[in-house]
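Below you'll find the structure, written out as structure tokens, and then a few comments.
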Amino acid sequence: MVIGFLGPEGTHSEAAAMWLNERMGRRSELRAFPDIFSAIQAVENGEIESALVPVENSIEGAVNVTLDTLAQSENISVVREVVWDVSNYLMGRNPSAEITAIYSHPQPLAQCRRFLKDHYPNARLIATASTAEAARIVSSPGAGRGGAAAICTARAGAINGLVTIAEDIQDSNSNKTKFYELRRSRAAELPMDEAGTALIIFQIDGAKSGALYEVLGELAKRKVNMTRIESRPPREGMAGFYVFFVDIEIERGRSREPVDEAIAAIRERSLWVKELGRYPKIEARQ
């Protein structure tokens with residue numbers, strides 16, 4: 001089995017994939033991809049069996065490329081959710097040099113906004129495809145005489161010969177990223193004695209007054225708990241029409257009939273609905 005992740009080596013995605021491999025007792029090959037879209041497409045095309053991709057950060061919110069790609073995909077299921085504690089490190093070639101440029105993925109740059117404003121208000125912030133790519137750039141001779149630094153994982157810095165300038169620089173110590181493990185095959189049904197989440201994606205007629213209210217009312221009238229909702233404009237660009245992503249709580253030991261009925265009713269009130277799976281949530285213990 002091959003599990004894809006956002007590469008290169010040293011990203012939080014790789015760390016979470018390595019942990020999941022061990023947690024599930026697997027000996028799967030891990031394969032790095034240059035971006036999240038490529039990893040998801042590799043699963044959909046059958047190139048790899050599975051991918052672990054970030055979907056939401058507790059500080060910075062949704063990872064839009066993941067949501068948009070899932071909305072467009074036809075053969076993808078979510079088989080489990082992994083919640084990962086995120087620690088961000090500021091690393092560079094020379095810890096005593098004046099830092100004039102800081103590289104990282106847009107999410108960590110946003111997660112560390114307060115630290116950067118307080119300590120490096122004049123440094124240029126440069127977005128990269130991943131935290132590991134940021135570490136690679138800073139380690140290269142073209143990065144200047146030590147005036148560049150990366151926000152990355154400790155592993156990414158070590159791989160690229162960088163040293164720690166500051167650690168745990170995120171604005172909140174409860175910084176967590178939620179990952180989805182994706183597969184082409186349909187996720188197995190949750191056992192009755194296990195809690196979890198059902199993920200549905202749907203599009204409503206934005207020109208119809210109260211359309212979203214009516215959809216969410218189908219959950220409320222059946223006492224089905226919605227734990228998250230996100231909206232994205234459709235890729236077709238139709239003004240006033242939105243795609244919604246809703247997490248529905250599946251309670252341990254409770255009949256699944258209210259969830260089934262609610263989703264069926266939402267189907268009748270939406271332009272289209274996709275259910276991407278009913279899956280367990282795993283809190284990573286690092």
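Rule-based calculations on the coordinates, nothing more; no lab input. In this text the structure is predicted, and so the values were computed from the model without any measurement. Counting neighbours? That spans all protein chains shown, and the Cβs are built from the backbone with ideal geometry, glycine included.
Recomputing Rg/Rh (Cα atoms, Kirkwood Rh) from the coordinates shown identifies the correct label among [x] 0.95; [y] 1.07; [z] 1.02 as [z]. A cut-off of 5 Å between modelled amide H atoms, ignoring neighbours fewer than 5 places along the same chain, links VAL86 with ASN175, LYS176, THR177.
For ALA129, neighbours were defined as the other residues whose beta-carbon sits under 12 Å from its Cβ, and their charges (Lys and Arg +1, Asp and Glu -1) total -1. Projecting each Cα onto the charge dipole of the chain (Lys/Arg +1, Asp/Glu -1 at the beta carbon, about the Cα centre), which of SER185, TYR242, ALA150 comes out farthest on the positive side? Positive-end residue among those listed: ALA150.
Before rounding to the nearest 500, sum -39500 (n - 2.57) across all DSSP H runs of length at least 4 in the chain and divide by the residue total; then give [θ] at 222 nm in deg cm²/dmol. Working shown, then result.
Numbers: 9 runs with 81 residues, N = 286.
Taken over the chain, the calculation gives -8000 deg cm²/dmol.
Seen against the Cα atoms of the chain and their longest principal axis, helix 257-269 is set at about 90 degrees.
Relative contact order of the chain: 23 percent, from C-alpha pairs under 8 Å at least 6 residues apart in sequence.
Using the Karplus relation 6.51 cos²θ - 1.76 cosθ + 1.60 with θ = phi - 60°, the per-residue 3J(HN,Hα) values for segment 123-130 come to 6, 6, 9, 10, 7, 10, 5, 7 Hz, with x marking Gly and Pro.
For ILE165, nonlocal amide neighbours, meaning residues 5 or more places apart or on other chains whose placed amide H falls under 5 Å from its own, are LEU90, MET91, GLY92.
Rounded to the nearest 10 degrees, what's the angle between the helix 12-23 long axis and the longest principal axis of the chain, both from Cα atoms, 0 to 90? Rounded to the nearest ten degrees, it is 60.
Couplings 3J(HN,Hα) for segment 199-208, derived from phi with the Karplus relation 6.51 cos²θ - 1.76 cosθ + 1.60 (θ = phi - 60°), are 9, 10, 10, 8, 10, 10, 7, x, 7, 8 Hz, where x marks Gly and Pro. Could you please report the charge total around ARG155, scoring K, R as +1 and D, E as -1 over all other residues with beta-carbon less than 11 angstrom from its beta-carbon? Summing Lys and Arg as +1 and Asp and Glu as -1 gives -2.
Assuming charge only on the beta carbon of Lys and Arg (+1) and of Asp and Glu (-1), the dipole of the chain about its Cα centre is about 300 debye to the nearest 20. Subtracting the Cα-Cα distance of ASP205 and ARG254 from their residue separation scaled by 0.36 nm leaves 14.4 nm.
Label zone of TRP272 (point 7 Å out along Cα→Cβ, amide N under 13 Å): in segment 190-212 this covers 201-204.
Charged neighbours of ILE263, selected by a Cβ distance under 9 Å, balance to -3 (K, R count +1; D, E count -1).
In percent, what relative contact order does segment 184-286 have, based on Cα pairs under 8 Å that are 6 or more apart in sequence? It would help to have the intermediate numbers written out before the result.
Details: 177 pairs, mean separation 47.5, N = 103.
Worked out over segment 184-286, it gives 46 percent.
Each Lys and Arg contributes +1 and each Asp and Glu -1, all at the Cβ; summed about the Cα centre of segment 101-217, the dipole is approximately 540 debye.
Given +1 on the Cβ of Lys and Arg, -1 on the Cβ of Asp and Glu, and no further charges, what dipole in debye does segment 89-167 carry about its Cα centre, rounded to the nearest 20?
Working: 8 positive and 4 negative charges, 15 e Å.
Here segment 89-167 has a charge dipole of around 80 debye.
Remark: segment 26-32, residue by residue, has Karplus-estimated 3J(HN,Hα) of 8, 10, 6, 7, 9, 10, 7 Hz, where x stands for each Gly or Pro and the curve is 6.51 cos²θ - 1.76 cosθ + 1.60 at θ = phi - 60°. Amide H contacts of ASP205: LEU271, each under 5 Å away and 5 or more positions distant or on a separate chain (H built 1.01 Å from N in the peptide plane; Pro and chain starts excluded).
At R0 = 25 Å, how high is the FRET efficiency between THR164 and ARG26 if r is their beta carbon distance? Nearest 0.05 is fine.
Details: r = 31 Å, r/R0 = 1.24.
Efficiency for this residue pair is about 0.20.
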